[in-house]
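Asks: One structure, pasted below without further comment.
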Amino acid sequence: MSGYNFALIVMSDSRSKNPERDKVKPVVDEILRGINSNLILYDVIPDEKDLIKERLVEYVKSDADVILTSGGTGLHPRDVTPDATKEILDYEVPFIPQAILYFSLTKTKRAMLSRMVAGVKDGKLIINLPGSPKAVDECLGYIVDILPHAIDKLKGDSSPCGE
C-alpha cells in the first residue's frame, strides 16, 4: 500500500480567488501520508463545468492514479462537479459514493443531499468528495484503505478480490 499518486482539484468560486485559503489540501495530504502516497497535482478552480471537464481530462493524462475532487457536489445551481464528471467517465463505480453516503449518514442527515460520483476514465479512478475539509476528512478517511486495491485492479492485477 505505497507509492500511489493522487491529484486533487478543489471546485470553489470563492476559494479559486484566494487558493491559499483552501483547507482541503492539508487534509488530503495527511490522509495520503497514512498510506505512503503522494499528492502530485493540485488546483483550485471555479465551479465552471467546462473548466472542470478540461482539468479532469488533463489530470487523467498525468501520472496520477486517482483524481480526487472536492466541492460542487450539492444542490446549489453552481454545483456542477458530478455533472462534469459523468460527462467524461468511461464508466461509473457507484458503490464508492454509496459507501461514503452510508457512512456519512451516521454523521449527518444532510449527507443525503450529496450528488457525489465516482468512476473510471482511461484507467484512472475519479472520486468526487464534498467541499468542506471536515467532510473530506471523514469521507476520504473512510474509503482510503480500498484505494490501493482499486488502483492495482485498474493497472491489471488479476489476483482474487477476496480478503
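The values are calculated or read from the model by the stated rules, or taken from the named source; none is laboratory data. Everything quoted here is computed from the prediction, not taken from an experiment. Using ideal geometry, Cβ is built from the backbone for each residue, glycine included, and neighbour counts are taken over all protein chains shown.
Asks: Do the conditions hold for LEU41, that is, is it in a strand (DSSP E or B), at pLDDT 95 or above and more than 11 Å from the chain's Cα centre (by Cα)?
Replies: Details: in a strand (DSSP E or B): yes; at pLDDT 95 or above: yes; more than 11 Å from the chain's Cα centre (by Cα): yes.
For LEU41, the condition - in a strand (DSSP E or B), at pLDDT 95 or above and more than 11 Å from the chain's Cα centre (by Cα) - is met.
Asks: May I ask you to verify whether LEU51 is at pLDDT 95 or above and within 19 Å of ASP145 (Cβ to Cβ)?
Replies: Values: at pLDDT 95 or above: yes; within 19 Å of ASP145 (Cβ to Cβ): no.
Criteria not met by LEU51.
Asks: On to the next question. Among the residues of region 44-64, count how many are part of a loop (DSSP other than H, G, I, E, B) and among the basic types (Lys, Arg).
Replies: 1
Asks: Could you tell me which residue of region 81-119 is nearest to PRO19 (Cα to Cα), considering only residues that are of a type in the set (Val, Ile, Thr) and surrounded by fewer than 21 Cβ atoms within 10 Å (Cβ to Cβ)?
Replies: Of all residues in region 81-119, those of a type in the set (Val, Ile, Thr) come to 81, 85, 88, 93, 96, 100, 106, 108, 117.
Then drop every residue that is not surrounded by fewer than 21 Cβ atoms within 10 Å (Cβ to Cβ), which leaves 88, 93, 106, 108.
Values: ILE88: 25, VAL93: 30, THR106: 31, THR108: 28 Å.
Looking at the filtered set, the residue picked out is ILE88.
Asks: Looking at region 46-70, which of its residues are in contact with a strand residue (DSSP E or B) (Cβ under 6 Å, 6 or more places away or on another chain) and either more than 17 Å from LEU125 (Cα to Cα) or among the acidic types (Asp, Glu) (or both)?
Replies: Across region 46-70, the qualifying residues are ASP47, LEU51, ASP63, ASP65.
Asks: Restricting to region 79-99, give me the number of residues that are part of a loop (DSSP other than H, G, I, E, B) and more than 15 Å from VAL60 (Cβ to Cβ). Break it down stepwise before answering.
Replies: Taking region 79-99 first, the residues part of a loop (DSSP other than H, G, I, E, B) are 79-80, 89-90, 93-94.
After this cut, where a residue has to be more than 15 Å from VAL60 (Cβ to Cβ) as well, the list is 79-80, 94.
Residues flagged as part of a loop (DSSP other than H, G, I, E, B) and more than 15 Å from VAL60 (Cβ to Cβ) within region 79-99 amount to 3.
Asks: Does at least one position in region 50-63 carry a residue that is under 22 Å from ILE100 (Cβ atoms) and touching a Pro at 6+ places or on another chain (Cβ under 7 Å)?
Replies: Scanning region 50-63 turns up no residue that is under 22 Å from ILE100 (Cβ atoms) and touching a Pro at 6+ places or on another chain (Cβ under 7 Å).
Asks: Also, quick follow-up: Just the residues that are closer than 21 Å to ASP29 by Cα and part of a strand (DSSP E or B), please, taken from region 100-156.
Replies: Of everything in region 100-156, those that are closer than 21 Å to ASP29 by Cα and part of a strand (DSSP E or B) turn out to be ALA118, LYS124, LEU125, ILE126, ILE127, ASN128, LEU129.
Asks: So the check is Cβ under 7 Å with 6+ separation or different chains; which pairs have a first residue in region 3-17 that's of a type outside the set (A, V, I, L, M) and a second one that's part of a helix (DSSP H, G or I)?
Replies: Once the first residue is of a type outside the set (A, V, I, L, M) and sits in region 3-17, its partners that are part of a helix (DSSP H, G or I) give TYR4/PRO148; TYR4/ILE151; PHE6/LEU32; ARG15/ARG21.
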